[in-house]
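Below: one structure, written as structure tokens.
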Amino acid sequence: MTKTRFNTYDVVCSVTELQKLIGMRVNQIYDIDNKTYLIRLARNEEKVVLLLESGLRFHTTSFEWPKNMAPSGFTMKLRKHLKNKRLESLQQLGVDRIVDFQFGSGEAAYHIVLELYDRGNILLTDCDLRILNILRPHVEGEELRFAVREKYPRDRAKQDNGPPSMEQIKDAIQKAHPGDTLRTALNPVLEYGASVIDHVLHKHGLFGSRIGGEIPNDPALPKKVKKKQKNLAKEFSKVFDMETDLASLMSAINDAESMLRAAQKEPSPGYIIQKKELKPAKEGEKEEYYFTNLEYQPYLYNQYQAEPYKQFDSFTTAVDEFYSSLESQKIDLKAFAQEREALKKLSNVKTDHAKRIEELTKVQLGDRKKAELITRNQDLVDKALLAIQSALASQMSWTDIQDLVKAAQANKDPVASCIRQLKLEINHISLYLADPYAFLDEGNSDEDEEASDREDDEEKLEPMVVDVDLALTAFANARRYYDQRRFAARKEQKTIESSSKALKNAERKTIQTLKDVRTQTTISKVRKVYWFEKFYWFVSSENYLVIGGRDQQQNELIVKRYMRPTDIYVHAEIQGASSVIIKNPAGGEIPPKTLLEAGTMAISYSVAWDAKVVTSAYWVRSEQVSKTAPTGEYLTTGSFMIRGRKNFLPPCHLVLGLSFLFKLEDSSVERHRGERRVRTFEEESVASKDEVKSEISDQPVDQEIELDEDGAEEEPEKDSGVPQFPDTHVKVEHDTGKVSVKADPILQRLTSAPDADSVVFLGDEKPYIIQPSAPRIKQISKSKQKAKDKEQKAKQKQAPAPKEEPQKAGQLKRGQRAKMRKIKEKYKDQDDDDRKLIMEILKSAGNRKPDEETKEDDDAAADKGKASFSKRTPRLKPGEFEELGDDTPAAADLDMLDGLTGQPVDEDELLFAIPVVAPYQSLHNYKYKVKLTPGTGKRGKASKMALQIFLKDKQCSPREKDLLKAVKDEVLARNIPGKVKLSAPQMQKVRK
């Protein structure tokens with residue numbers, strides 16, 4: 001049985017080893033579940049993670065444990081009081097399974113008390129052991145209460161009073177029940193743990209001893225207890241003798257005490273005790289063994305020396321390895337169980353096949369023997385048939401016929417003597433027939449005997465009871481049995497042929513099952529669950545990680561914990577819309593296409609999906625997102641205040657795609673580097689056209705194909721002088737493809753020329769320019785001409801008096817003189833360098849120098865917009881959102897994403913597959929993809945259908961099929977928004 005929790009000796013060894021942690025500071029605290037917590041400690045460059053599990057264990061760990069999506073209330077309380085505190089002491093209370101961790105000193109000290117017995121508990125107390133928070137509040141007895149504001153009773157732990165006396169040992173043995181083992185009797189008075197007690201008893205020859213006396217037949221005892229006592233009495237036959245064995249027992253206890261004292265002084269090594277089992281295998285395959293972990297121990301006890309084991313440098317390393325491999329061991333055991341089941345089914349098929357053949361062979365042999373006996377006793381059979389037929393013809397009753405037969409048998413009539421049973425209801429009689437020529441075989445010569453011995457025993461005609469039909473003659477009855485034999489022979493042949501096919505199919509299925517199980521086991525072990533998979537997520541077509549919250553709590557979590565200053569926040573003002581973050585660890589501007597894809601994600605995970613409503617999303621920078629509500633208002637969970645300008649995107653189509661990303665082995669990463677990158681407009685146009693052509697050419701002529709909307713887009717005109725990303729309201733009529741544009745009136749008034757062409761962003765690098773109609777062009781040209789005329793007249797008026805211009809420019813309006821005087825007084829000590837530094841901090845361009853104003857490049861408009869944007873956008877105070885821990889990747893995200901590809905090739909070494917639901921345009925170059933639109937189908941059924949489409953693909957390699965099959969159904973359908981319609985080429989063939 002697998003060990004589940006620490007005993008007293010384990011606690012001693014672990015406390016001794018973890019003294020090296022004293023002096024380290026708490027960096028962060030996480031929870032794995034409601035009983036297990038991780039404390040990350042740091043000292044200079046040294047980092048250690050301490051794991052505490054209520055009631056079970058505590059040890060350092062190097063294994064990457066999956067943390068909860070949001071920290072629990074208990075975790076937040078621990079963070080509040082323990083963060084940045086130093087671990088001052090770590091001690092065991094008495095000799096009990098209670099450990100006290102002290103963080104901080106003096107009045108600022110806090111304690112974590114970990115209880116490792118019964119149901120376990122974790123408590124947070126102040127310096128006076130007053131409980132601040134408790135994992136499991138409860139009451140013991142009438143006075144002892146474990147609750148907040150109560151004082152923790154430190155003296156409840158069992159105290160270390162040394163080894164028990166001889167009198168205490170005698171009393172414990174005398175109080176034990178007859179049939180109990182010696183260890184069971186000693187457990188109440190010894191605090192070393194069952195393993196240590198067994199070890200010293202084994203060492204002194206007392207292992208397996210039981211308490212003597214007759215086992216009482218107490219009716220009050222449960223049946224399970226009685227059965228256990230009897231089994232123990234049989235297993236442990238040696239009876240403990242108080243007079244002869246007491247001295248050896250006291251020596252054993254002293255050895256246990258010495259082991260305990262040694263463990264308190266020096267760290268112990270670690271051992272994992274294992275069990276060797278035979279792997280399930282087919283007949284003829286080589287036998288292989290596997291090892292399952294049973295126990296972790298700080299000492300190689302005598303009772304385990306014959307068992308296989310693994311040794312480690314330290315006890316905590318062994319414990320960490322044991323628990324971290326539990327999941328892998330469960331996967332192995334499950335796989336072995338599946339293999340055994342598959343082999344058992346194959347064995348059952350083989351057994352059933354052999355049994356049916358054997359039964360048919362026996363039927364043939366029996367029918368042949370019956371026919372032979374009838375033929376050799378033809379005269380006797382005819383006489384018996386005639387006698388019964390005559391009686392029936394004379395209209396005798398069946399009872400009279402029975403009596404007549406019995407009377408004839410009593411008179412030793414040879415014909416009546418062979419009749420065993422009358423089956424007149426079916427018009428049959430049963431005759432006992434023997435071979436009349438058997439005596440001839442006994443008189444054979446020696447040569448005949450040798451020939452007879454060579455014959456099979458089945459050829460011998462033994463006497464037997466044979467059913468004959470009253471309506472047939474003896475010859476006809478014999479022929480009937482011969483016909484039955486021939487029919488059974490044909491049936492046997494057909495059975496052999498069909499069974500042979502069934503057996504081959506069963507073997508093939510078994511081999512495939514074994515292969516699938518082993519492949520899935522390998523994949524499950526290699527499979528790494530990425531931190532972003534707990535959210536909605538996808539990788540944009542330009543290699544940006546995009547994540548979104550599944551609910552209000554996750555919306556708040558990704559903004560507070562996962563959004564960095566360089567990231568972009570995308571949202572939509574519609575009910576249920578997800579808060580979407582575009583991770584941008586490298587900094588710089590996010591390409592427009594990625595913004596549009598993120599907007600599609602935000603809209604799709606909202607009520608717009610079920611309502612089939614096309615609407616717009618917007619994006620803002622991270623500093624515009626705040627959790628601070630206006631005065632007198634409050635923000636609910638998952639709600640945020642957006643300050644400043646919202647950059648609205650064009651209406652997003654509700655078109656998603658289901659696909660797979662494959663994890664590449666390191667040697668294959670370079671082959672795919674850059675396959676998701678920012679493309680130029682020309683590259684994107686060519687790629688889009690090529691994709692549409694290839695999709696059309698691959699499909700049958702009579703099959704309807706649902707093309708991506710990108711395939712119908714017209715090629716935008718080139719114009720580098722148009723400012724990027726103006727706010728625009730775009731209406732797209734899907735039936736006609738007509739695009740109508742209405743500029744934002746505020747933005748148009750502030751930034752745009754009245755006669756400028758309308759600029760619409762459609763997801764490409766460059767804007768799409770919509771020219772006005774012909775009448776409008778004439779009107780614009782007239783207005784331009786008028787503007788030029790006015791400009792020329794103004795220049796002519798200003799030409800005669802150029803010297804007055806500086807004076808007019810220098811004139812101040814009413815109230816400005818006093819304001820300027822205050823500004824000069826405030827900044828009189830500030831020089832140009834200080835001013836430049838302050839403006840840089842404020843992210844403001846200020847008054848630029850003339851030479852800077854002359855710079856003209858492609859990014860001038862964007863930089864200018866960024867500067868003005870930062871002026872009018874208030875920045876958040878530092879620390880408004882929680883700082884990110886080391887578990888949230890930053891720049892490493894780029895390297896991580898490079899290891900994932902949607903375009904595997906034959907040369908790649910693939911580790912596992914990850915299903916991804918993303919805007920369909922981001923899956924442009926993926927090998928496997930289906931289109932998802934709002935519909936009426938269930939998402940689970942749709943995901944399974946999509947998987948079958950991928951598996952039926954002729955280009956799907958065996959390795960890719962294995963990886964796709966290993967994906968669980970619930971993971972495959974988890975990110976589909978709701979009711980869905982699936983569209984894909986060749987889908988009808990897959991359904992058939």
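The values are calculated or read from the model by the stated rules, or taken from the named source; none is laboratory data. Quantities reported herein were computed from a predicted structural model and do not represent experimental measurements. Please note: Cβ atoms are built from the backbone with ideal geometry, for glycine as well, and neighbour counts cover all protein chains shown. The accessibility values were calculated without ligands, DNA or RNA, using every heavy atom of the protein model including side chains. Shrake-Rupley method; radii C 1.70, N 1.55, O 1.52, S 1.80 Å.
List of remarks:
- In Hz, Karplus ³J(HN,Hα) per residue of the stretch 483-494 (6.51, -1.76, 1.60; θ = phi - 60°; x = Gly, Pro): 5, 4, 5, 5, 5, 5, 5, 5, 5, 5, 5, 5
- Label-reachable residues, the stretch 538-561, where backbone N falls under 17 Å from a point 7 Å from Gln903's Cα toward its Cβ: 539-544
- Inter-site label distance for Arg677 and Glu266 at 7 Å from Cα along Cβ, in nm: 6.1 nm
- If R0 is 60 Å, the Cβ-Cβ spacing of Asp379 and Glu277 corresponds to a FRET efficiency of close to 0.30.
- Surface share of carbon and sulfur [accessible, 1.4 angstrom probe, percent] for the stretch 75-114: 39 percent
- Accessible surface of the stretch 285-363 [probe 1.4 Å, protein heavy atoms]: carbon and sulfur percent: 49 percent
- For Gln303 and Ala70, a Förster radius of 60 Å and the Cβ-Cβ distance give a FRET efficiency of 0.85, rounded to the nearest 0.05.
- The residues of the stretch 489-621 expose on average 40 square angstrom of accessible surface per residue, using a 1.4 Å probe on protein heavy atoms.
- Dipole of the stretch 123-173 computed with +1 at Lys/Arg Cβ and -1 at Asp/Glu Cβ about the Cα centre; of Phe146, Ser165, Leu132, farthest Cα towards the positive end is Leu132.
- For His177, the solvent-accessible surface computed with a 1.4 Å probe is close to 100 Å², ligands and nucleic acids excluded.
- Normalising the average separation of contacting C-alpha pairs (under 8 angstrom, six or more residues apart) by the number of residues puts the relative contact order of the stretch 266-316 at 54 percent.
- Packing-based ranking of 186-192, 77-83, 917-923 yields 917-923, 186-192, 77-83, ordered from highest to lowest mean Cβ neighbour count within 10 Å.
- Backbone amide hydrogens, once placed in the peptide plane, bring Ile429 within less than 5 Å of Lys423, Val468, Leu470, excluding anything fewer than 5 places away on its chain.
- Distances between placed amide hydrogens fall under 5 Å for Leu294 paired with Ile273, Gln274, Lys275, all partners being 5 or more residues away or on another chain.
- When the listed pairs Lys20/Lys528; Lys310/Lys968; Lys203/Lys286; Lys344/Lys504; Lys501/Lys944; Lys369/Lys491 are checked against a 27 Å cut-off, the alpha-carbon distance exceeds it for Lys20/Lys528; Lys310/Lys968; Lys203/Lys286; Lys501/Lys944.
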